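Read the structure below first, then the notes.
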Amino acid sequence: MGEIELKAVVFDMDGTLFDSEGVYDEVFDHWMWQHKIPKPLQTKINAALLPGITWDEVFAIVNQITGKKFNAQVEREKLSDQIIQYVLDVGVHMKPGARAAVEKLAQRYQLGICTSSIRRVAERVLRHHGMFEYFQVLTAVDDVTYQKPNPEPYAHCMAALKVEPEE
């Protein structure tokens, strides 16, 4: 069996290239404050939120704990607007070494992003740091039926890059 040539590198974005997870937490906490959700319920909601859950699941938890009926799609868009504004006003820190790694790998390989973020948020963060142009493919949560850790986002990204998983 011959050697397989590496053709592409697919990156996660939040927590890997950028310190964005804390930003999302801060914006969501602010959203809860805006909607006058009492602090004890906010604590209960935050304790119930697990990494990798969908916005539908987040708002099912919020609705269950608060007894309210927030529309996940509407609130997701509002939160996306707030995250984008945060990125523009405050910024999001890039992880140490991330830029150098991306620049070096881009000289030799196709690059893709596979993120659980909404496309317009991911694009804004990448553009804010001048990183968008390094990536030939961006697969966001809006592009797939199932989000990570399901393999669908990775398969979508690799198909767009026209590479096999072993490549």
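Overview of results
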quantity	calculated
Test: residue in region 61-79 that is of a type in the set (S, T, N, Q), in contact (Cβ under 8 Å) with a residue 40 or more places away in the chain and out of contact with any strand residue (DSSP E or B) (no Cβ under 9 Å at 6 or more places or on another chain)	no
Those residues of region 137-167 which are open to solvent by 50 Å² or more (accessible area, probe 1.4 Å), outside any helix (DSSP H, G or I) and within 24 Å of VAL74 (Cα to Cα), in sequence order	THR145, TYR146
Subset of region 105-114 [in contact (Cβ under 8 Å) with a residue 12 or more places away in the chain and open to solvent by 10 Å² or more (accessible area, probe 1.4 Å)]	LEU105, ALA106, TYR109, GLN110
Condition check for LYS78: among the charged types (D, E, K, R) and more than 28 Å from LEU126 (Cα to Cα)	no
Subset of region 63-115 [of a type in the set (D, E, K, R), under 19 Å from the mean Cα position of the chain (by Cα) and over 16 Å from HIS30 (Cβ atoms)]	LYS95, ARG99
Residues located in region 18-54, provided they are open to solvent by less than 20 Å² (accessible area, probe 1.4 Å) and in contact with a strand residue (DSSP E or B) (Cβ under 6 Å, 6 or more places away or on another chain)	PHE18, SER20
Those residues of region 64-104 which are open to solvent by 50 Å² or more (accessible area, probe 1.4 Å) and of a type in the set (A, V, I, L, M), in sequence order	VAL74, LEU88, VAL90, ALA100
Scope region 116-136; condition within 14 Å of the chain's Cα centre (by Cα) and either in a loop (DSSP other than H, G, I, E, B) or buried (at least 20 other Cβ atoms within 10 Å of the Cβ) (or both); matching residues	SER116, SER117, ILE118, VAL121, ALA122, ARG124, VAL125, LEU126
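The values are calculated or read from the model by the stated rules, or taken from the named source; none is laboratory data. Note that the structure is a prediction, hence the values are computed from the model and not measured. So basically every Cβ, Gly included, is an ideal-geometry build from the backbone, and we count neighbours across all protein chains shown. Heavy atoms of the whole protein, side chains included, go into the accessibility calculation; ligands, DNA and RNA do not. Shrake-Rupley method; radii C 1.70, N 1.55, O 1.52, S 1.80 Å.
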